[in-house]
Each structure stands twice: as C-alpha cells, then as structure tokens.
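Participant: Mind having a look at this structure? Questions to follow.
No value in this document is a laboratory result; all are computed from the given coordinates. Since we're looking at a predicted model, the values are computed, not measured. Here the Cβ positions follow ideal geometry from the backbone for every residue, glycine too, while neighbour counts run over all protein chains shown.
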Amino acid sequence: MKYKLLQSSLLVLPMLVITCTVPKSSAPVQADQKPVFNANPSPAYLSPQESLKTMHMPEGYRLELVASEPMIKEPVAIAWDGNARLYVAEMLTYMLDADARGEQQPISRISLLEDTNNDGKMDKSSVFIDSLLLPRMIQCTLTMSCW
C-alpha cells in the first residue's frame, strides 16, 4: 500500500511542476514592472505634465493633474472636503535661503481651490486663511469646513 502511494505521488509531483511553470516565451506584465532607479537624474526643470510621465503607477491607478503653479506656491499639505474642493497649505516662508531668513514671518496661507466648470481641473483659487506661520496640516470636519 505504501509502495503504491509513493508511486502515485512521484507521478503527480512532476506533473504539478510542469503545469505550474511559466513558459519562457511569455513577456512580463509592463504595469507591474517598477522603473529602473537613476542615480544621476537630470537637473532640468520639468513641467507638471512632463513630471506626470515620469511617475510609476500600479495597474488600475492613474494620476491626474488638478492644480499646479502658479495657482499654488510651496504646497506642504492638502485636504479635500465633501464638495470636491481642495484646500492647500502653502508654506511661503520655509527655507527661502540657507539661513532661514524671513521664516518667522506670518505670510503663509491656506488656499481654497475649486473646479467651477466640472472638467476635473481646479480653475478658481481664493485665500481661505491668511497670515499663518508655517502651516503644517489641514483637517476637514463634518461641517465641510477645513482648519
């Protein structure tokens, strides 16, 4: 009985190995491949649209540009409210030079960005809170206001 069990397991094991191997001719899935690390990237400035092309996203995900300079400056944090409005903390005085001159001036702000024509891009910008000293976070509450 043990001999027959051993024989049958020896026959099944090679079949599993054969059926579970990937053919050498199949090409790898491009979406799962991560980009190659470049230790010496170009110092050239990229536009927001050019930057999007350099980012790797897993299959099923996508990136869309909704706002960029000059609409926002020095963003450090964002928060969306329940009405698809975008709040952006802009730290306008952070490390302007190596000596951090002017960093303690309360001129940073929270901007409110809105998409008024429903095209998925922010087209209206207004100052939500002004005269801040280095804002670091934003939190929207249940009343649909952000602080």
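Participant: Find out how many positive minus negative residues lie around SER108, taking Lys and Arg as positive, Asp and Glu as negative, among other residues whose Cβ is under 13 Å from that of SER108.
Facilitator: That works out to -1.
Participant: Additional query: Rounded to the nearest 20 debye, what is the charge dipole size of the stretch 68-140 about its Cα centre when +1 sits on each Lys and Arg Cβ and -1 on each Asp and Glu Cβ?
Facilitator: Here the stretch 68-140 has a charge dipole of around 140 debye.
Participant: From the phi angles alone, apply the Karplus equation (6.51, -1.76, 1.60; θ = phi - 60°) to the stretch 65-74 and give each ³J(HN,Hα) in whole Hz, x where the residue is Gly or Pro.
Facilitator: 7, 10, 7, 7, 5, x, 5, 10, 9, 6
Participant: Same structure, new question: Taking θ = phi - 60°, what integer Hz values does the Karplus form 6.51 cos²θ - 1.76 cosθ + 1.60 yield along the stretch 49-60, in sequence order, with x for Gly and Pro?
Facilitator: Ordered by residue, 3J(HN,Hα) equals 5, 5, 5, 4, 5, 8, 8, 9, 10, x, 4, x Hz.
Participant: Another one. Whose amide H sits under 5 Å from the amide H of PHE128, counting only residues 5 or more places off or on another chain, with H placed in the peptide plane?
Facilitator: Amide H to amide H, under 5 Å and 5 or more residues apart or across chains, PHE128 pairs with ILE110, SER111, LEU112.
Participant: In whole Hz and in residue order, list the ³J(HN,Hα) couplings for the stretch 94-104 that follow from phi through the Karplus curve 6.51 cos²θ - 1.76 cosθ + 1.60, θ = phi - 60°; x for Gly and Pro.
Facilitator: Ordered by residue, 3J(HN,Hα) equals 6, 6, 5, 8, 5, 8, 6, 5, x, 5, 8 Hz.
Participant: Among LEU86, LEU63, LEU52, which comes first, then next, by fewest other beta-carbon atoms within 10 Å?
Facilitator: Placing the least packed residue first, the sequence is LEU63, LEU52, LEU86.
Participant: Follow-up question, since we're still on this one. Would you mind classifying the stretch 32-147 by shape? Square roots of the alpha carbon gyration tensor eigenvalues, ordered a ≥ b ≥ c; an a/c under 1.5 is rounded, otherwise it is prolate if a/b is larger than b/c and oblate if not.
Facilitator: Oblate shape, in that a/c is at least 1.5 and b/c is the bigger or equal ratio.
Participant: Further question: With an 8 Å cut-off on Cα pairs and a minimum separation of 6 or more residues, tell me the relative contact order of the stretch 81-143 in percent.
Facilitator: Across the stretch 81-143, relative contact order equals 35 percent.
Participant: Taking H as built 1.01 Å from N, whose amide H comes closer than 5 Å to the amide H of ALA77, not counting residues under 5 places away?
Facilitator: Those lying under 5 Å, H to H, from ALA77 are ALA89.
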